[in-house]
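Only one structure is covered here, and it is reproduced in the block below.
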Amino acid sequence: MEIAIIGAGVVGLATAWRAAAGGAAVALVDPEPASGASAVAAGMLAPVGELAYGEEPLLRLGLASRERYGAFVAELEELTGLGTGYRTDGLLEVAFDADDLKYLDDLRRFQESLGIPVEALTGRECRRLEPMLAPGVRGGLLAPEDGSIDPRRLAPALLDACAKAGVRLVRRRCAEVLVERGAAAGVRLDDGSAVRADRVLLAAGPWSGDLAGLPPGTVPPVRPVKGQVIRLRTRTPFLGRTTRGLVRGSSVYLVPRADGEIVVGATQEELGFDTRVTAGGIWELLRDARELLPGVTELEFAEVSAGLRPGSPDNAPIMGPTALPGLFLGTGHFRNGILLAPVSADVLTAMLLDGPVPDVARPFTPDRFSPGGTQMEAQVRR
Ligand code: GLY
């Protein structure tokens with residue numbers, strides 16, 4: 001089986017590795033692997049901390065991926081000898097004022113109604129866990145099983161694992177998907193050459209909707225959602241675990257790494273393919289971070305960056321076969337691309353290699369956005 005994967009973000013990389021390990025001949029097409037959202041993301045592994053109302057199926061997928069992470073990272077680190085900064089020290093979500101605390105109380109009830117173990121903490125208990133928190137922090141919730149990983153270490157490890165598994169990395173832009181006799185037959189590159197394949201996986205994040213050659217009804221409904229992120233550095237212990245805060249209704253999170261980096265994120269902006277870092281975006285992040293952790297202003301300012309999340313209409317990934325035989329989608333991971341990489345790789349590999357659609361992935365197949373998908377498939381085959 002020959003597979004062409006368009007896009008070497010963490011989802012494309014992890015799927016390429018798994019599919020090649022499963023016996024497929026995989027070509028991974030990307031002019032600059034791991035240069036999109038994967039290079040900007042903070043790397044929260046937080047299905048509980050990032051839970052939003054109405055997203056219960058996404059929670060189940062996130063929990064399934066978080067569960068896979070330990071074994072996934074152990075295999076990756078052993079194979080490549082590279083570290084990934086994987087941490088399982090929980091996520092603390094704190095409230096700045098009384099309204100924020102009320103929101104967290106409601107959230108806790110919602111989480112408990114779904115059977116998720118979270119601990120409600122007083123302000124003092126929050127500060128016992130994180131002594132740098134401001135004295136005014138009202139209270140919080142601890143999601144003890146959430147964690148984080150460093151995407152800037154994960155991606156190189158995945159690239160190395162791909163190389164070891166025999167994945168062919170094609171450092172060119174994909175110009176179009178080739179369609180022959182009503183089925184995907186590979187991809188044409190920007191130099192005019194072709195990569196022929198029995199299966200094509202479109203995993204190009206927010207660019208997945210812009211590719212030429214896709215028949216109507218197969219174009220994924222994804223859009224870019226900008227996130228600005230700050231990287232700070234500390235030489236002394238500052239934060240023990242990922243900490244999210246609600247500050248007068250607006251969210252900020254800080255993700256610490258063992259090497260002293262602290263990633264502060266992230267704005268959420270609907271501005272098309274704009275990746276400019278703005279004074280306003282950075283100011284809002286620092287303003288809210290300082291309310292929660294006043295000492296943040298003493299930290300070294302290392303970097304600002306902006307990435308584009310692949311947003312989908314229901315904030316959930318779009319994974320599976322399309323109405324064009326041989327064309328599969330693996331995009332739309334929105335705020336959860338890093339978290340969902342292991343489970344996405346497993347389900348996409350199963351689908352690409354003709355396995356059954358795993359139950360956990362059923363709510364996320366592309367046909368949820370195209371009720372006429374089956375008819376379209378019949379038309380394409382005719
Ligand atoms: N998962 C964090 C973000 O998208 O900002």
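Quick note: the coordinates plus some simple rules give every number you see, no bench work behind them. All figures in this text were calculated on a predicted structure; none of them were measured in a lab. FYI the Cβ positions are ideal-geometry reconstructions off the backbone, even for glycines, and counts take in every protein chain you see.
Write down the radius of gyration of the range 177-232 and its Dmax, each obtained from C-alpha positions, in Å.
Expressed in Å, the Cα Rg and Dmax of the range 177-232 come to 14.7, 53.
Top mean-square fluctuation among Ala183, Ala306, Ala41, Gaussian network model of the chain, C-alpha springs under 10 Å?
So, out of Ala183, Ala306, Ala41, the one fluctuating most is Ala183.
How long, wide and thick is the range 59-132, going by the Cα atoms along their three principal axes, in whole angstroms, largest first?
49, 31, 15
Evaluate Rg over Rh across the range 226-292, taking Cα atoms for both radii and Kirkwood's formula for Rh. Provide the component values of the computation, followed by the final result.
Values: Rg = 12.4 Å, Rh = 12.5 Å.
Here the Rg-to-Rh quotient is 0.99.
Counting alpha carbon pairs within less than 8 Å and at least 6 residues apart, what relative contact order, in whole percent, applies to the range 31-168?
That works out to 37 percent.
Using only Cα positions of the chain, each an equal point scatterer, no hydration layer, compute I(q)/I(0) via Debye at q = 0.15 Å⁻¹ and quote the log10 values to two decimals.
Log10 of I(q)/I(0), two decimals: -1.30.
Once R0 is set to 25 Å, what does the formula 1/(1 + (r/R0)^6) return for the Cβ-Cβ distance between Val357 and Met1, expressed as a FRET efficiency to the nearest 0.05?
0.90
For helix 279-292, what angle does its Cα long axis make with the longest principal axis of the chain, in degrees from 0 to 90 and rounded to 10?
Around 50 degrees separate the two axes.
So if each residue of separation counts as 0.36 nm, and I subtract the Cα-Cα distance between Glu300 and Arg128, what length gain in nm does that give?
So the chain would gain 59.5 nm between Glu300 and Arg128.
Classify the range 132-174: rounded, prolate or oblate, from the alpha-carbon gyration tensor (a ≥ b ≥ c, eigenvalue square roots; a/c under 1.5 rounded; otherwise prolate if a/b is larger than b/c)?
Prolate, because a/c is 1.5 or more and a/b exceeds b/c.
Can you list the residues, at least 5 places off or on another chain, whose amide H is less than 5 Å from the amide H of Gly43, using H built in the peptide plane?
Result for Gly43 returns nothing.
By how many nm would the segment from Leu82 to Arg168 grow when fully extended, if each residue of separation counts as 0.36 nm and the alpha-carbon distance is taken off?
Additional length available on full extension: 28.9 nm.
Restricting attention to the range 111-197, which trypsin sites (Lys or Arg not before Pro) occupy a DSSP loop and are surrounded by at most 12 other Cβ atoms within 10 Å?
Passing sites in the range 111-197 are Arg171, Arg181.
So if the hydrodynamic radius of the range 251-382 is defined as the Kirkwood radius over C-alpha pairs, what does Stokes-Einstein give as its diffusion coefficient at 10 °C and 1.306 mPa s, in µm² per second?
Values: Rh = 17.8 Å.
D, rounded to a whole number, is 89 µm²/s.
Between Ile116 and Asp191, how many nm apart are label points set 7 Å from Cα along the C-beta direction?
4.7
Collect residues whose amide H, placed 1.01 Å from N in the peptide plane, falls under 5 Å from the amide H of Thr365; neighbours closer than 5 in sequence don't count.
Long-range HN contacts for Thr365: Met319.
Spelling out what I want: for every residue of the range 103-116, take phi, set θ = phi - 60°, compute 6.51 cos²θ - 1.76 cosθ + 1.60 (Karplus), and round to whole Hz; glycine and proline get x.
Values, residue by residue: 4, 5, 4, 4, 4, 4, 4, 4, 4, 5, 5, 9, x, 8 Hz.
How far is it, in nm, from the label point at Arg109 to the one at Arg235 when both lie 7 Å from their Cα along the line to the Cβ?
Each label point lies 7 Å from its Cα, and together they span 4.9 nm.
Which FRET efficiency value, to the nearest 0.05, do you get for Tyr53 and Arg368 by plugging their Cβ-Cβ distance into 1/(1 + (r/R0)^6) with R0 = 22 Å?
On the way: r = 19 Å, r/R0 = 0.86.
Efficiency, rounded to the nearest 0.05: 0.70.
What number comes out for the charge environment of Glu261, summing +1 per Lys or Arg and -1 per Asp or Glu over other residues with Cβ under 15 Å away?
+4
Counting Lys and Arg as +1 and Asp and Glu as -1, what is the net charge of the other residues whose Cβ lies under 12 Å from the Cβ of Glu303?
+1
Rg and Dmax of the range 1-131 over Cα atoms: what are they, in angstrom?
18.9, 58
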